Amino acid sequence: MSDLLAIVRNLNRLAAVQRTGLLDTPPEEPFDRFTRLATRMFKTPTALVSIVDGDRQFFKSAIGLPEPWQTKRETPLSHSFCKYAVALQEPLVIADARKDPTYHDNPAVRDL
């Protein structure tokens with residue numbers, strides 16, 4: 001886990017995230033259109049556009065999250081699956097996190 005956090009909290013990566021100018025910005029229709037399309041294409045109730053910084057994941061767009069997460073538009077890094085994709089530097093596909101030995105203990109499985 002410390003290696004994973006070291007990659008997620010890499011200063012060059014965090015500077016690039018800041019340069020996007022997307023953190024803590026209001027919802028925007030092009031991003032919301034994308035998440036709506038994803039829910040239709042993949043037949044899933046939830047879709048997110050996530051931006052992972054050093055301590056949390058911010059949802060530039062979020063469809064289908066329970067409260068309070070939908071309103072907050074972020075979760076702590078502890079709840080993030082995206083941090084693994086950042087660390088692996090490749091797409092992350094998890095068929096069912098509840099059954100996956102690597103991810104089943106993630107607090108998002110319980111809380112979201």
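The values are calculated or read from the model by the stated rules, or taken from the named source; none is laboratory data. Small disclaimer: the values here were computed from a predicted structure and weren't measured. When we count neighbours, we look across all protein chains shown, and the Cβ atoms used for this are built from the backbone with ideal geometry, even at glycine. Note: accessible area is taken over every heavy atom of the protein model, side chains too, but ligands, DNA and RNA are not part of it. Shrake-Rupley method; radii C 1.70, N 1.55, O 1.52, S 1.80 Å.
Data for the structure
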| read-out | value |
| --- | --- |
| Unit charges on C-beta of K, R, D, E only; dipole of the chain, Debye | 200 debye |
| Total formal charge among the other residues, if their Cβ is under 12 angstrom from that of PRO66, Lys/Arg +1 and Asp/Glu -1 | 0 |
| For the chain, the spread of Cα positions along each principal axis, largest first, Å | 36, 35, 26 |
| Sequence of LEU65, LEU5, LEU11 from largest to smallest accessible area, 1.4 Å probe | LEU11, LEU5, LEU65 |
| Under 16 Å from LYS83, Cα to Cα: lysines that are on another chain or at least 8 residues apart | LYS60 |
| Partner aspartates and glutamates for LYS72 [C-alpha distance under 19 Å; skip if fewer than 8 residues away on the same chain] | ASP24, GLU28, GLU29, ASP32, ASP53, ASP55, ASP111 |
| Per residue accessible area of the range 27-77, 1.4 Å probe, in Å² | 56 Å² |
